[in-house]
Amino acid sequence: MAQLMAGKKGIIFGVSNKRGIAYGIAKKLFDEGAEIAFTYAGEVMKDRVTPIAEEMNSKLVMSCDVVNENEIAAVFEEYKKVYGQLDFVVHAVAFANKDDLNGDFSNVNLEGWNLALGVSAYSLVAISRISKPLMTNGGSIVTLSYLGGERSIPHYNIMGVAKAALECSVKYLAAEFGPLGIRVNAISAGPVKTLAAKGINGFDQLLKINAMRAPLQRNITIDEVGGAGLYLLSDLGSGVTGEIHHVDGGYHSIAGCYADKLILANAEK
């Protein structure tokens, strides 16, 4: 049976370790035959990302500050030299000052606002714009979101606003890129115990609540998010664009009253 990504080449922005969602997507793509280039955020991350890239036989691993469009352009210029064609891009980059995730949302200042939206949302627009000319045979772009972009989530604050901007950007990019055969989608993953998640206060409690309330009555895995990424980046998702695809055990679909029933039922067991 032919591999789903055989002959497909692309780049992933945001892999940082083997416990992250971006790694789960990369592993699925690699196992299905994809050739993958990687970037890392500054020299401090080089030693973490390089072994992962080597494990997946990558021919290109470069540093890239995603708020610096010259660096993004340099990455794609080098990518074109090494790989030629570009079939997919994964945007798995987000950042906010920790202080802006806690306390009153209204306390965020302009600097913190611009930082969170610049790294977490605008970078998708910049990466997509610069990658567009290389996707001469169509392609697929996938980014990572979270329910905090749709609803208020404790200790998410400015990152929720950034994810909302990210998801709206996905829809506008999908409309623009569609005639070129380029699809743009987001995966809204449920909480996963990653290193990045440790920066969110009360995250362990969030995991417990999600497992109790979600229709599947459990939390999701990195492997499951990776499978969703494979679907959207491969030809299996050829008719899907502008989508915010939830991989959260169904948590996003339930109303508060139903959630309370699940919690009560679980408590009575």
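The numbers here are math on the coordinates, done by the rules we state, and not lab data. A quick note: this is a predicted structure, and the numbers were derived from the prediction, not measured. So basically every Cβ, Gly included, is an ideal-geometry build from the backbone, and we count neighbours across all protein chains shown.
Comparing mean-square fluctuations of TYR172, TYR156, TYR40 from a GNM of the chain with C-alpha springs under 10 Å, the top value falls on TYR172.
Among MET56, MET159, MET45, the largest mean-square fluctuation in a Gaussian network model of the chain (Cα springs under 10 Å) belongs to MET45. So which of LYS81/LYS132; LYS9/LYS193; LYS18/LYS46; LYS46/LYS132; LYS81/LYS163; LYS8/LYS193 end up more than 23 Å apart, counting from Cα to Cα? Pairs exceeding the cut-off: LYS9/LYS193; LYS46/LYS132; LYS81/LYS163; LYS8/LYS193.
Taking a straight line from the alpha carbon of LYS98, these aspartates and glutamates sit under 20 Å away, with near neighbours fewer than eight places off in the same chain left out: ASP65, GLU111, ASP204. Between MET45 and ASN70, with labels modelled 7 Å along Cα→Cβ, what's the label distance in nm to one decimal, could you check? It is 2.0 nm.
Using r as the Cβ-Cβ distance of LYS193 and SER63, and R0 as 35 Å, what FRET efficiency do you calculate, to the nearest 0.05? For LYS193 and SER63, the calculated efficiency is 0.80. Binning the alpha carbon pair distances of segment 21-167 at 5 angstrom intervals from zero yields the distribution 2, 9, 17, 20, 19, 14, 10, 6, 2, 0, expressed in whole percent.
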